[in-house]
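Novice: I'd like to ask some things about the structure below.
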Amino acid sequence: MSGFSISEYHNTTEIYEKLNHLMTLPVHAITSEGMSGYLQYFEKKCKKSKEMITEAKKFIPGGVQHNLAFNYPFPIVIDRADGAYLWDADGNQYIDFLQSGGAIILGNNYQPVREKVIQLLNESGPVTGLFSEFELKLAKEINKHVPSIEMFRMLGSGTESAMAAIRVARLATGKKKVIKMGGAYHGWSDQMMYGLHIPGTGSYEAHGIPGGCRKHTHEVFPNDIDALRKKMSRNRVRGGTAAVIVEPVGPESGTRPVDKDHNKQIRELCDQYDTLLIFDEVVTFGRIGLAGAQGYFNITPDLTTFGKIVAGGFPAAGGLGGRRDLMEHVAAGIEGGKKRAYVGGTLAANPLSSAAGYYTIQEIGRTNACEKAGQAADRLIKALEEIIDELNLPFVAYNQGAIGHLETSGTMFVKINLLKIKSILKEIKVRQHFMEQMGAAYMAEGIVTLAGSRMYTSLADDDVIIDDAISRFERVLRNVERPST
Ligand SMILES: Cc1ncc(COP(=O)(O)O)c(C=O)c1O
């Protein structure tokens with residue numbers, strides 16, 4: 001029993017070869033007959049969702065409030081979540097591989113945690129603004145599993161956690177620059193809205209943010225240690241690199257995977273340049289393992305950001321942890337005169353989130369959830385690879401433990417060339433639409449994915465459910481136009 005969801009590390013070179021091949025080909029769309037069948041599903045079977053979203057559009061921008069929500073052909077309204085399943089407003093059932101955007105590993109509405117939360121609500125209420133025992137219990141529980149977290153401060157979201165980490169890094173090092181991997185998402189703060197989704201896009205998605213806010217943010221191409229070395233070397237005379245922030249499995253939950261020794265190389269560079277290493281474990285803590293991805297890779301970052309599973313799928317999920325001397329900078333309270341990296345949050349570290357996080361971590365340990373969710377993803381991905389091969393499709397399936405990827409559109413792999421930006425944007429649009437179509441097709445076959453390309457598995461995904469999901473995926477893939485070559 002390893003406790004980690006990754007049973008075998010993927011062959012990164014092979015994945016990139018396949019992805020590069022995918023990008024040499026035109027998109028393999030779903031046949032028009034197949035797609036019209038899927039669209040009919042929404043019209044015929046999702047009437048209540050359509051009605052509610054039409055109404056919601058009058059009061060809520062775009063009709064939905066979540067960036068991961070499917071908008072094509074229209075968003076689906078979810079009524080109920082339980083275990084591996086979701087049910088929509090019209091009563092349709094779906095196998096849920098969104099798992100609330102990766103915030104859940106025990107399965108939806110997991111009873112043992114829910115009961116503890118209800119007990120807390122009944123006996124104590126959700127918030128007081130004062131200290132509760134669960135803050136301490138959660139911090140100790142995290143420290144027990146992730147030794148680099150000598151101290152932990154809970155926050156309201158992953159976005160805030162990255163903001164706090166960067167602030168601490170700048171205060172502690174006296175340096176300015178922060179380097180992230182191109183394509184990575186570390187939340188929507190002004191300084192992290194840079195190089196989103198596709199490496200090389202810089203400030204393309206940073207509308208409404210003055211250039212000065214991201215003046216000290218740099219991106220380098222993922223898995224390119226030489227590029228990082230060059231950037232850090234150059235930064236020495238430009239204010240220095242305060243921190244390198246990475247998702248240890250690669251940007252966007254490993255959508256751009258990295259070599260197994262990549263994190264070690266980054267750690268070495270950070271040590272060489274007196275730069276702090278920040279691991280963004282918002283997705284990976286409790287999904288790759290309770291020891292985090294840092295436990296799997298055996299790397300000690302200086303600071304770690306948390307979110308999602310840290311509050312067990314309950315609201316207000318975020319936190320910063322790390323070395324004691326660094327974490328002292330985010331001490332709360334009213335004491336003046338100290339150099340502080342000010343962070344806060346009225347509802348951060350509330351009893352409800354802290355208790356939900358604490359009991360979730362205990363349950364993950366008790367049930368060995370990460371390993372089991374990893375086995376579910378292994379089974380799913382192996383079968384998808386076989387179907388892709390049999391159908392001679394250029395799609396790419398792989399997983400990093402309980403994070404599964406099924407890349408069909410290549411939207412995030414478009415090579416940015418500023419000289420040809422018009423045609424590049426057109427290509428992105430075409431690929432994006434195909435991605436939406438795939439997402440809608442999976443949904444019509446009863447599967448919810450993240451953005452039509454990612455599957456977060458959970459403890460609830462037993463073999464029967466995974467085999468059912470495989471048949472559903474297969475039906476979609478059989479509806480894709482085959483290559484003529
Ligand atoms: C790797 C990573 N970091 C940070 C965030 C931001 O977390 P939050 O949505 O809680 O602000 C996300 C959200 O998806 C994420 O995937």
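The values are calculated or read from the model by the stated rules, or taken from the named source; none is laboratory data. Nothing here was measured: the structure is a model prediction, and the numbers come from that model. All Cβ positions, glycine included, derive from the backbone under ideal geometry; neighbour counts span all protein chains shown.
Novice: Give just the number: which of (1) within 12 Å of the ligand (Cβ to nearest atom); (2) over 30 Å from residue 20 (Cβ atoms); (3) in a strand (DSSP E or B) does residue 243 not satisfy?
Specialist: Here residue 243 clears every test but (1).
Novice: Next question, about the same structure. Tell me whether the range 10-19 contains one or more residues that are more than 30 Å from residue 375 (Cα to Cα), of a type outside the set (D, E, K, R), modelled with pLDDT of 95 or more and in a helix (DSSP H, G or I).
Specialist: No, every residue in the range 10-19 fails to be more than 30 Å from residue 375 (Cα to Cα), of a type outside the set (D, E, K, R), modelled with pLDDT of 95 or more and in a helix (DSSP H, G or I).
Novice: Answer with yes or no whether residue 343 is in contact with a helix residue (DSSP H, G or I) (Cβ under 6 Å, 6 or more places away or on another chain) and within 30 Å of residue 459 (Cα to Cα).
Specialist: Values: in contact with a helix residue (DSSP H, G or I) (Cβ under 6 Å, 6 or more places away or on another chain): yes; within 30 Å of residue 459 (Cα to Cα): no.
Against the criterion (in contact with a helix residue (DSSP H, G or I) (Cβ under 6 Å, 6 or more places away or on another chain) and within 30 Å of residue 459 (Cα to Cα)), residue 343 does not qualify.
Novice: Please pick out the residue among 176, 180, 137 that is surrounded by fewer than 21 Cβ atoms within 10 Å (Cβ to Cβ) and within 19 Å of residue 277 (Cα to Cα). Talk me through it step by step, then tell me what you get.
Specialist: Details: 180 fails: surrounded by fewer than 21 Cβ atoms within 10 Å (Cβ to Cβ); 137 fails: within 19 Å of residue 277 (Cα to Cα).
Of 176, 180, 137, the one residue that is surrounded by fewer than 21 Cβ atoms within 10 Å (Cβ to Cβ) and within 19 Å of residue 277 (Cα to Cα) is 176.
Novice: Which condition from (1) under 24 Å from residue 370 (Cβ atoms); (2) within 16 Å of the ligand (Cβ to nearest atom); (3) touching a Gly at 6+ places or on another chain (Cβ under 6 Å); (4) not in a helix (DSSP H, G or I) is the one that residue 161 breaks?
Specialist: Of the numbered conditions (1) under 24 Å from residue 370 (Cβ atoms); (2) within 16 Å of the ligand (Cβ to nearest atom); (3) touching a Gly at 6+ places or on another chain (Cβ under 6 Å); (4) not in a helix (DSSP H, G or I), the odd one out for residue 161 is (4).
Novice: Out of all the residues in the range 190-209, which are surrounded by fewer than 16 Cβ atoms within 10 Å (Cβ to Cβ) and either touching a Pro at 6+ places or on another chain (Cβ under 6 Å) or modelled with pLDDT of 95 or more (or both)?
Specialist: 190, 208
Novice: Is at least one residue of the range 308-324 within 14 Å of the ligand (Cβ to nearest atom), assigned to a strand (DSSP E or B) and among the aromatic types (Phe, Trp, Tyr)?
Specialist: Residues of the range 308-324 that are within 14 Å of the ligand (Cβ to nearest atom), as a first pass: 308-320.
When the remaining residues are screened for being assigned to a strand (DSSP E or B), the result is 318-320.
When the remaining residues are screened for being among the aromatic types (Phe, Trp, Tyr), the result is none.
The answer is no, given that none of the residues of the range 308-324 is within 14 Å of the ligand (Cβ to nearest atom), assigned to a strand (DSSP E or B) and among the aromatic types (Phe, Trp, Tyr).
Novice: While we're here: Would you point out the residue of the range 269-291, among those that are within 16 Å of the ligand (Cβ to nearest atom) and of a type in the set (A, V, I, L, M), that is surrounded by the fewest Cβ atoms within 10 Å (Cβ to Cβ)?
Specialist: Here the residue is 277.
Novice: Related question: Inside the range 177-226, can you point out the residues that are in a strand (DSSP E or B) and within 16 Å of the ligand (Cβ to nearest atom)? Step through it out loud before you land on a result.
Specialist: Of all residues in the range 177-226, those in a strand (DSSP E or B) come to 177-181, 183, 196, 217-220.
The answer is 178, 179, 180, 181, 183, 196, 217, 219.
Novice: Looking at 406, 352, which one is in a strand (DSSP E or B), in contact (Cβ under 8 Å) with a residue 24 or more places away in the chain and among the aliphatic types (A, V, I, L, M)? Outline the logic, then answer.
Specialist: Working: 352 fails: in a strand (DSSP E or B).
Sole residue among the options that is in a strand (DSSP E or B), in contact (Cβ under 8 Å) with a residue 24 or more places away in the chain and among the aliphatic types (A, V, I, L, M): 406.
Novice: Then there is this: Going by the conditions given, is residue 269 assigned to a strand (DSSP E or B) and either closer than 26 Å to residue 14 by Cα or not acidic (Asp, Glu) (or both)?
Specialist: No; evaluated as a whole, the condition is false for this residue.
Novice: Could you tell me whether any residue of the range 322-339 is over 21 Å from the mean Cα position of the chain (by Cα), hydrophobic (A, V, I, L, M, F, W, C) and at positive phi?
Specialist: Checked against the condition, which is being over 21 Å from the mean Cα position of the chain (by Cα), hydrophobic (A, V, I, L, M, F, W, C) and at positive phi, the range 322-339 yields no hits at all.
Novice: Using beta carbons and a limit of 9 Å, which pairs, at least six apart or on different chains, have the first residue in the range 291-312 and touching a residue at least 24 places away in the same chain (Cβ under 8 Å) and among the acidic types (Asp, Glu) and the second one within 13 Å of the ligand (Cβ to nearest atom) and in a strand (DSSP E or B)?
Specialist: Qualifying pairs under 9 Å: 302/278; 302/279.
Novice: Condition first: within 16 Å of the ligand (Cβ to nearest atom), among the small types (Gly, Ala, Ser) and surrounded by fewer than 21 Cβ atoms within 10 Å (Cβ to Cβ). Can you find one or more residues in the range 66-81 that meet it?
Specialist: Yes, the range 66-81 contains at least one residue that is within 16 Å of the ligand (Cβ to nearest atom), among the small types (Gly, Ala, Ser) and surrounded by fewer than 21 Cβ atoms within 10 Å (Cβ to Cβ).
Novice: Pairs under 9 Å by beta carbon, first residue without any contact (Cβ under 8 Å) to a residue 40 or more places away in the chain in the range 314-332, partner within 16 Å of the ligand (Cβ to nearest atom) and outside any helix (DSSP H, G or I), six or more apart or different chains?
Specialist: 315/156; 315/347; 315/350; 331/153
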